[in-house]
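The values are calculated or read from the model by the stated rules, or taken from the named source; none is laboratory data. Just so you know, these numbers come straight off a predicted model, no measurement behind them. With ideal geometry, Cβ positions are generated from the backbone for all residues, glycine too; neighbour counts draw on all protein chains shown. Note: accessible area is taken over every heavy atom of the protein model, side chains too, but ligands, DNA and RNA are not part of it. Shrake-Rupley method; radii C 1.70, N 1.55, O 1.52, S 1.80 Å.
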Amino acid sequence: MSPQNIAELSHIGFLLLDKFSMIAFSNAVEPLRMANYLSRKKLYRWSLLSADGNPVPASNGLELSPITAPESPQNYDMLIVCGGWQVREAVDDKVLAVIRRFAAQGVPLGAICTGTFALAKAGVVNGYRCAIHWENLLSISEEFPKTQFTSDLFVLDRDRFTCSGGTAPLDFMCHLIRHKGGKSLAADVSEQFIVDRLRDNGDRQHIPLLARIGTGHETLVDAALAMEGNIENPRSLEELAEELGVSLRHLERLFKRYLNTTPAQYYLDLRLRRARELLLQTNMSVMEVTVACGFLSSSHFSKSYRGLFGYPPSRERQQYLVDSAVIA
């Protein structure tokens with residue numbers, strides 16, 4: 001969707017699944033309420049829905065009201081599926097029918113937390129990039145190969161808006177608010193919720209390594225932890241291998257088999273992502289970030305940064321401001 005189309009989104013239906021995540025839902029709806037309050041306008045309105053119109057318990061046992069059955073899809077500008085715990089059991093034929101009915105009418109669809117599973121199960125995100133909570137990332141990628149699942153916090157791909165769980169929906173909704181009310185309003189909303197920096201769709205979820213590779217790979221986990229603990233003064237791979245009591249070749253095989261990368265590339269990406277955090281969250285100069293992330297020369301840092309993110313570190317803050325200005 002174009003920025004103009006996103007700006008026109010107003011009435012949002014939240015389709016609550018059984019055992020939905022209360023924190024993810026709250027972080028989605030509260031920014032909308034705050035945007036209305038701060039702008040002194042009714043920019044957004046929302047409806048709480050369930051497939052049959054009956055109350056749906058959240059994963060913490062609480063129920064919200066009023067809950068209604070979905071009306072005509074044309075009464076909504078977007079339908080967001082709110083998932084949570086045991087999402088497979090929550091997605092039944094009634095839920096799938098609602099999603100498919102909205103998709104058939106061309107209503108933009110979204111999902112938060114594990115709600116993306118419902119969209120995938122309904123077959124409405126084939127050929128799309130999607131986000132989902134990291135706990136479900138590996139399994140859902142294998143189950144629905146026609147959809148490209150990413151570790152991004154949230155993804156906007158044409159008329160599909162998908163977001164991971166926890167506090168990420170707050171960032172996602174503020175991204176939508178920037179399109180409708182401008183970057184100043186989005187910033188004011190985040191300040192009301194004591195948020196230091198709004199993350200964008202270029203940020204990724206931090207996925208615990210054990211969740212990516214499973215148990216039984218202590219050597220690989222220990223190697224990654226050692227890398228994370230030595231960003232400013234990177235250690236040589238030979239030193240790491242010796243400390244872990246394995247050969248460098250064995251360490252390389254572990255990274256290749258379970259992470260599909262090399263130890264050197266994993267370590268470099270780790271340092272570059274830390275550099276991006278520092279550029280966006282602090283006032284450190286590019287040279288200071290270069291040193292803080294263990295690069296011996298600014299040219300090597302700039303070349304590596306461009307290779308991962310597509311532009312040099314000197315443009316990171318500028319790019320963020322440009323993106324904000326475009327939708328202000």
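Under the simplified labelling scheme, the residue 105-residue 265 pair shows an inter-label distance of 4.6 nm, with each label point 7 Å from Cα along Cα→Cβ.
Highest mean first, the peptides 176-186, 96-106 sorted by other C-beta atoms within 10 Å per residue fall in the order 176-186, 96-106.
On a per residue basis, the convex hull of the C-alpha atoms belonging to the chain measures out at 141 Å³.
Return the FRET efficiency for the residue pair residue 146, residue 45: r is the Cβ-Cβ distance, R0 is 30 Å, and the value is rounded to the nearest 0.05.
Numbers: r = 34 Å, r/R0 = 1.13.
Working from the Cβ atoms, E equals 0.30.
Expressed to the nearest 5 percent, the antiparallel share of DSSP beta bridges inside region 68-176 is 25 percent.
Net charge within 13 Å of residue 36 by Cβ-Cβ distance, Lys/Arg positive one each and Asp/Glu negative one each, not counting residue 36 itself? Kindly include the intermediate steps, with their values, before the conclusion.
Working: positive: 33, 40, 41, 42, 45, 180; negative: 30, 188.
Here the count lands on +4.
One Cα centroid belongs to region 149-203, the other to region 239-289; the line between them spans 27 Å. Return one number: the angle in degrees, 0 to 90 and rounded to the nearest 10, between the long axis of the Cα atoms of helix 316-326 and the longest principal axis of the Cα atoms of the chain. So the helix axis and the longest Cα principal axis differ by about 20 degrees. For the chain, what does the accessible surface come to per residue with a 1.4 Å probe? Please give it in Å². With the other protein chains kept in place, the chain gives 48 Å² per residue. Electrostatic tally near residue 109: other residues with Cβ closer than 13 Å to its Cβ, Lys and Arg +1, Asp and Glu -1, net +2.
With 24 Å as the limit on Cα-Cα distance, the pairs of 121/180; 42/183; 41/183; 94/121 that go past it are 121/180.
Backbone amide hydrogens, once placed in the peptide plane, bring residue 47 within less than 5 Å of 12, 13, 14, excluding anything fewer than 5 places away on its chain. Bridging of residue 256 to aspartates and glutamates at a Cα separation below 17 Å is possible for 218, 222, 238, 269, once same-chain residues fewer than 8 apart are set aside.
The alpha-carbon of residue 19 sits under 17 angstrom from the alpha-carbons of these aspartates and glutamates, leaving out residues fewer than 8 places away in its chain: 52, 63, 89, 92, 93, 135.
Return the carbon/sulfur percentage of the accessible area of the chain, one whole number, probe 1.4 Å, all protein chains in place.
Numbers: 7640 of 15830 Å².
Of the solvent-accessible surface of the chain, carbon and sulfur hold 48 percent.
Computed from the C-beta positions of residue 306 and residue 30, the FRET efficiency with R₀ = 35 Å rounds to 0.40. Counting Lys and Arg as +1 and Asp and Glu as -1 over every other residue whose Cβ lies under 14 Å from the Cβ of residue 62, the net charge comes to -1. For residue 296 and residue 195, a Förster radius of 41 Å and the Cβ-Cβ distance give a FRET efficiency of 0.70, rounded to the nearest 0.05. Considering only alpha-carbon pairs that sit under 8 angstrom and 6 or more positions apart, the relative contact order computed for the chain is 15 percent. Taking every DSSP bridge with both residues inside the chain, close to 25 percent are antiparallel.
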